[in-house]
Structure formats: structure tokens, C-alpha cells
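The values are calculated or read from the model by the stated rules, or taken from the named source; none is laboratory data. Please read all numbers here as calculations on a predicted model, not as lab measurements. Note that we place each Cβ from the backbone using ideal geometry, even for glycine, and neighbour counts take in every protein chain shown.
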Amino acid sequence: MKKYNLEDLKEIYDLDLEKAVDLIKENNAELVLLQFPDGLKQYATSVVDYLEEKTGVGFLIWFGSCFGACDSPVGVDNLGIDLVIQFGHNELMPCYGK
């Protein structure tokens, strides 16, 4: 099975992982749930590896459906989750300098 890495991902998308690191630290989170749309699920473990290295906290990955920002995970209230981070998959628009 192919291991999808962050370098592959960064060529197409900007997930702003440093912002995720900052949110985790600001919230003193110990357990974080990550939610990905279907198009990004193959990168989920690579994202977790990166975030674990930067934060030292625990992560869960939501592999249920995700059809947009209003599609929040349900039934996870009793898992002790401190923070939910939901990633989108809009393509990064090219930037044109002046």
C-alpha cells in the first residue's frame, strides 16, 4: 500500500498545519480529533505523524463521512476530545505577485 506523504500533499493543498499546531497549543489540548474529506483521507496518518512530532499530544482520525464544515462528527462526546480540527480540500489558488 502506498504511503502518502506531506510533500505530495503540499504540492496540491495548503492545510496550514502550523495553524493547527498553534491551535492545539493555545487550547492545551491533550486529545485532538482530526476530520478529513474523502479526498484527503489518504494523507491522514502523515498529517498525524507531523502534528504528533510538533505537539506531543494524542490524535484520533474521524474516518466517517465529511461533506463540509457543517458536517461535524457526532457521537464522540464521551471520548474526552479537547479539540476537533476539520480540514478542507479546496485547491490552493495560484498567487500572482505585482
Could you please find all residues in the range 7-45 being of a type in the set (Asp, Glu) and either modelled with pLDDT under 85 or in contact with a strand residue (DSSP E or B) (Cβ under 8 Å, 6 or more places away or on another chain) (or both)? GLU7, ASP8, GLU11, ASP14, GLU30, ASP38
Considering only the range 28-46, state which residues are exposed (fewer than 13 other Cβ atoms within 10 Å of the Cβ) and assigned to a loop (DSSP other than H, G, I, E, B). ASN28
Just need a number here: residues in the range 19-44 that are within 18 Å of LEU6 (Cα to Cα), without any contact (Cβ under 8 Å) to a residue 24 or more places away in the chain and not aliphatic (A, V, I, L, M). 2
Subset of the range 15-52 that is among the aromatic types (Phe, Trp, Tyr) and touching a Phe, Trp or Tyr at 6+ places or on another chain (Cβ under 8 Å) - its residue that is nearest to ILE85 (Cα to Cα): PHE36
From ILE81, ILE61, residue being at pLDDT 85 or above, in a strand (DSSP E or B), in contact with a strand residue (DSSP E or B) (Cβ under 8 Å, 6 or more places away or on another chain) and surrounded by 13 or more Cβ atoms within 10 Å (Cβ to Cβ): ILE61
